[in-house]
Structure formats: structure tokens, C-alpha cells
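This report concerns only the one structure given below.
The values are calculated or read from the model by the stated rules, or taken from the named source; none is laboratory data. For clarity, every value in this text was computed on a predicted model and none was experimentally measured. Here the Cβ positions follow ideal geometry from the backbone for every residue, glycine too, while neighbour counts run over all protein chains shown.
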Amino acid sequence: MTACDRPGADATQNSIADATQNSIADATRGSIADATRGSIADATGRESPAQSERCLGPVEEIPDGGSRGYAPPPGGFTGLFAVRRGEAVFVYVNSCPHVGLPLEIQPHRFLDRAGELIVCAAHGARFRPEDGHCVSGPCMGDALEAVATRIEAGMIWVPEKAGL
Ligand code: FES
């Protein structure tokens, strides 16, 4: 098992593969997407978390008081970033509300020198890590797009399409 695996993940992946193969063979009965969704729900008895979430990795990869960037999901072009405060992890779409540029000045560096505020490298907007609210700069009063985050067994889970 890799760090982001969870019990039942293999079964879900198998059901996706089976569903895709079945849907290709039975293409006349419906779209591949419909068949795949149905089979995942049937195999697990409920909507699979693996279908709708993706794992960013362990909380411990983010230094306490620091930040980390994450690549976009497959097919996407806007990534995410996270700021950690102890056990709390705040995840945002890596797009400044000013003109939509990525925020970091260097890989994984999203905070000011003091490590207190998120800062946009382009024009200097600053944001509170706890809620993404812009407290200074050209988008003052606006906010970063927060991402719903779930921590399970030390791993960070976000909606699959966050940051597309
Ligand atoms: S793009 Fe972030 S402050 Fe302008």
C-alpha cells in the first residue's frame, strides 16, 4: 500500500477497471461514463470516496508553520497549495483573486518572511492563512478559493477536481 492508499482502495480500482471494460463491451447500453459510475456505486454500496477525492499526501510533508504546493489534477492546469499550523491544514487553489496568477515566488514558498501571511509574488497581495481573506494589496477584501479538506490517518484528502 502506498501512503495515500486506504482499505478498499484496491477493490474500487478493480471495479473501475472492470466497469470500463464492461462498458466498452456493452457500449450500446449507455455511455462509458454512466456505466463506470454505476459500477463503482454498486461495488461499494455507496459513492466511493476514491471516485470523488484525491490524496495530496501526508500532513508531515508540510513543515509546521510552512507551506507546500501541489500539482493540478490530471487534465488541469491550476494547482493547490496548503499552509500548516500544527494539526490544522488550510488548502487553497493556487490562483490569486487579483488576476489569477499562481502565488508562489519559489516552489512551495507561499508565505511571507515571517511565515504569518500568504503572499502573492506577482503584486504583493497578502492573505490570512486561516481563511484566505486578502488583508492588503490589489485584491484587498477578496479571498483565495478555499478547498474542503479532510485529514485521515495523517493524509490530506481534497475533492478530486479541486484546482482544475
Ligand atoms: S496576481 Fe496576485 S496580487 Fe496581482
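What number goes with the only condition from (1) under 19 Å from Leu164 (Cα atoms); (2) modelled with pLDDT of 95 or more; (3) under 17 Å from the mean Cα position of the chain (by Cα) that Thr78 does not pass?
(2)
So in region 88-138, with the set limited to residues that are of a type in the set (D, E, K, R) and either part of a loop (DSSP other than H, G, I, E, B) or in contact (Cβ under 8 Å) with a residue 40 or more places away in the chain (or both), which one is nearest to the ligand (Cβ to nearest atom)? Break it down into steps so the answer makes sense when it comes.
Residues of region 88-138 of a type in the set (D, E, K, R): 104, 109, 112-113, 116, 126, 128, 130-131.
So of that shortlist, the ones also either part of a loop (DSSP other than H, G, I, E, B) or in contact (Cβ under 8 Å) with a residue 40 or more places away in the chain (or both) come out as 104, 109, 112-113, 116, 128, 130-131.
Values: Glu104: 11, Arg109: 15, Asp112: 13, Arg113: 17, Glu116: 17, Arg128: 15, Glu130: 19, Asp131: 17 Å.
Here the answer is Glu104.
Condition test on Ala125, is it out of contact with any helix residue (DSSP H, G or I) (no Cβ under 8 Å at 6 or more places or on another chain) and more than 27 Å from Cys4 (Cβ to Cβ)? So that I can check it myself, show each step before the final result.
Values: out of contact with any helix residue (DSSP H, G or I) (no Cβ under 8 Å at 6 or more places or on another chain): yes; more than 27 Å from Cys4 (Cβ to Cβ): yes.
In short, yes.
Do we find that Ala122 is in contact with a Cys (Cβ under 9 Å, 6 or more places away or on another chain) and either buried (at least 21 other Cβ atoms within 10 Å of the Cβ) or farther than 16 Å from Gly163 by Cβ (or both) in this structure?
On the way: in contact with a Cys (Cβ under 9 Å, 6 or more places away or on another chain): yes; either buried (at least 21 other Cβ atoms within 10 Å of the Cβ) or farther than 16 Å from Gly163 by Cβ (or both): yes.
Here the answer is yes, as Ala122 does meet what is asked.
Among (1) assigned by TED's automatic domain parsing to the domain that holds Glu60; (2) surrounded by fewer than 18 Cβ atoms within 10 Å (Cβ to Cβ); (3) of a type in the set (A, V, I, L, M, F, W, C), there is one condition Leu164 misses while meeting the rest; what is its number?
Exception for Leu164: condition (1).
Collect the residues in region 139-164 that are within 12 Å of the ligand (Cβ to nearest atom) and in contact (Cβ under 8 Å) with a residue 40 or more places away in the chain, keeping them in residue-number order. Walk me through how you get there before you give the answer.
At the first step, the residues of region 139-164 found to be within 12 Å of the ligand (Cβ to nearest atom) are 139-140, 142, 144.
Cys139, Asp142, Leu144, listed by residue number.
Filter region 65-80 down to the residues that are closer than 14 Å to Gly115 by Cβ and not in a loop (DSSP other than H, G, I, E, B) and list them by number. Show your work before the answer.
Taking region 65-80 and keeping what is closer than 14 Å to Gly115 by Cβ, we get 65-68.
Of everything in region 65-80, those that are closer than 14 Å to Gly115 by Cβ and not in a loop (DSSP other than H, G, I, E, B) turn out to be Ser67, Arg68.
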